[in-house]
Amino acid sequence: MPAETHKIQANNANLERERLISLINSMADGVIAIDENAKIVLYNGAALNILDVNSSMTGKYLRNVLSVIDKNNQPVDLQSRILRIKTSEASREWRLKYPDESTVNLYTSIAPVKLGFGKLGTKGYVLLLRDITHEKSLEEERDEFISVISHELRTPIAIAEGNISNARLVASKTDAPERINKALAQAHDQINFLSSMINDLATLSRAERGKLTVDIEMINVHNFLLDLAQNYAAETASKGLSIQTDIDPTLEALQSSPLYLHEILQNFITNAIKYTEKGSITIGAKPNMDGVEFFVIDTGIGIGKSDQERIFDKFFRSEDYRTRQNNGTGLGLYITAKLAMLLHAEISMESELNKGSTFTIVVPNLQ
Ligand code: ADP
């Protein structure tokens, strides 16, 4: 190849490289590329800013310029972590720590890449860094707000609920017109819904602020489930449904949090009742290698395949008109999944549209 052609190609490559560098330099997020040994090969101005470094980082090991801590202020070995990843991953849970001990909340996105082209391409990683301290503090404020509001709303709602309940009782004992009974029943339903929504919001904001503590006790699974079934006997009967238990007699006591287990099963059961028009609800448990497997089976409207992946998402509710006939916030299963994590429990679900659903949770013995 003539020397002239070589020169043109080299110039083109240089031009291309300059373009790329000015492109990444114009990005607001910090970008750092490292090679397979975690040595820095490329970075932009925003990376220098966020890391508060004012000398060249090329050739330095990532861990020498970036120190990250987790929620509990424990150091995170980000460098080893990056070298192990196979597909891209992002996190909003870490903080960047500066030498003077001050910190900022960090969004990190890490992706394995090929540095260079063709045969010259060696393995490497690209790391994107963003300071999300402001966003995080807004999130915290929002959670704090929800927590205060839900706490403040509890008392008036409880008083209204009590009064409506009394009025219903009086109305049903006198010959009050049917219209009054109906209006009171509707008001009562709505106030109960409000109250469960407030409870959900309160639990949710506590869970998101990491404020939920787990108190472990010995649970007599048999009695626990019989009590639960008993609690819902009237509600199922008034909807023309039957409720039954299927409890393995060989079950032994379980060490876990009765409070959260109760809330989880309660969510499964109230959903089963809400989304079942005819048939039965079965609640039960059997021993499992890790602890106890609890299940709630209904013969209800079921959940379509595309919805199944999303029912544990925050605020998700199916578009099915039969779902929309019932009050709901789409928070129940999201909270349930959060509580299950606290119990190190595993939730699964099987469902067929128009046939029914089974929600299962395997709860291990905790120490
Ligand atoms: P909510 O019941 O307040 O809408 P959840 O988070 O408890 O919220 O449930 C999310 C969605 O999952 C429901 O809106 C419904 O579409 C679906 N779902 C949950 N449980 C059942 C069930 N047993 N049968 C049919 N659909 C269900």
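Any read-out appearing in this document is the output of simple, stated calculations on the displayed coordinates, not a laboratory observation. Remember, predicted model here, so these are calculated numbers, not experimental data. Please note: Cβ atoms are built from the backbone with ideal geometry, for glycine as well, and neighbour counts cover all protein chains shown.
Treating each Cα of segment 137-208 as an identical point scatterer and summing with the Debye formula, the log10 of I(q)/I(0) at q = 0.23, 0.25 Å⁻¹ comes to -0.92, -1.01. FRET efficiency for the pair residue 193 and residue 86, taken as 1/(1 + (r/R0)^6) with r the Cβ-Cβ distance and R0 = 45 Å, rounds to 0.50.
Ellipsoid fit via the Cα gyration tensor, segment 45-88: semi-axes of 20, 15, 10 Å, each the root of five times an eigenvalue, largest first.
Charges on Cβ only, +1 for Lys and Arg, -1 for Asp and Glu, centred on the Cα centroid of the chain; of 292, 354, 366, which one is farthest towards the dipole's positive end? Among 292, 354, 366, the one farthest towards the positive end of the dipole of the chain is 354. Relative intensity of segment 217-364 on a log10 scale, I(q)/I(0) at q = 0.15, 0.22 Å⁻¹, equals -0.73, -1.52, per a Debye sum over C-alpha point scatterers of equal strength in the absence of solvent.
If the convex hull of the alpha-carbon atoms of the chain is projected onto planes in all directions, what is the mean projected area in square nanometres?
Quarter of the Cα hull surface area: 27.1 nm².
Near residue 46, once Lys and Arg are set to +1 and Asp and Glu to -1 for all other residues with Cβ below 11 Å from its Cβ, the sum equals -1.
Note on the chain: dipole from Cβ charges, positive end direction compared against 158, 261, 275; the farthest Cα belongs to 275. Magnitude of the charge dipole for segment 3-63, about its Cα centre and with charges confined to Cβ atoms of Lys, Arg (+1) and Asp, Glu (-1), is about 120 debye.
Axis angle, to the nearest 10 degrees, between helix 221-231 and the longest C-alpha principal axis of the chain: 60 degrees. Each of 191, 108, 316 was scored by the projection of its Cα onto the charge dipole of the chain, and the greatest displacement toward the positive side belongs to 108; charges sit on the C-beta of Lys, Arg, Asp and Glu. Here the dipole of the chain is about 980 debye; that uses its Cα centre as origin and unit charges on the Cβ of Lys and Arg (positive) and Asp and Glu (negative). The ratio of the alpha-carbon radius of gyration of segment 3-131 to the globular-protein estimate 2.2 N^0.38 Å is 1.16. Computed from Cα positions, the angle between helix 178-208 and the longest principal axis of the chain comes to roughly 30 degrees. What's the local net charge at residue 327, with K and R +1, D and E -1, over the other residues with C-beta under 9 Å away? Surrounding charge for residue 327 is 0. Here the 3J(HN,Hα) profile of segment 25-31, calculated from phi with Karplus coefficients 6.51, -1.76 and 1.60 at θ = phi - 60°, is 6, 7, 6, 6, 8, x, 10 Hz, Gly and Pro shown as x.
Assign unit charges at the C-beta atoms only (+1 for Lys and Arg, -1 for Asp and Glu), then state the dipole size of segment 217-364 relative to its Cα centre in Debye, rounded to the nearest 20.
Details: 12 positive and 19 negative charges, 116 e Å.
It works out to roughly 560 debye.
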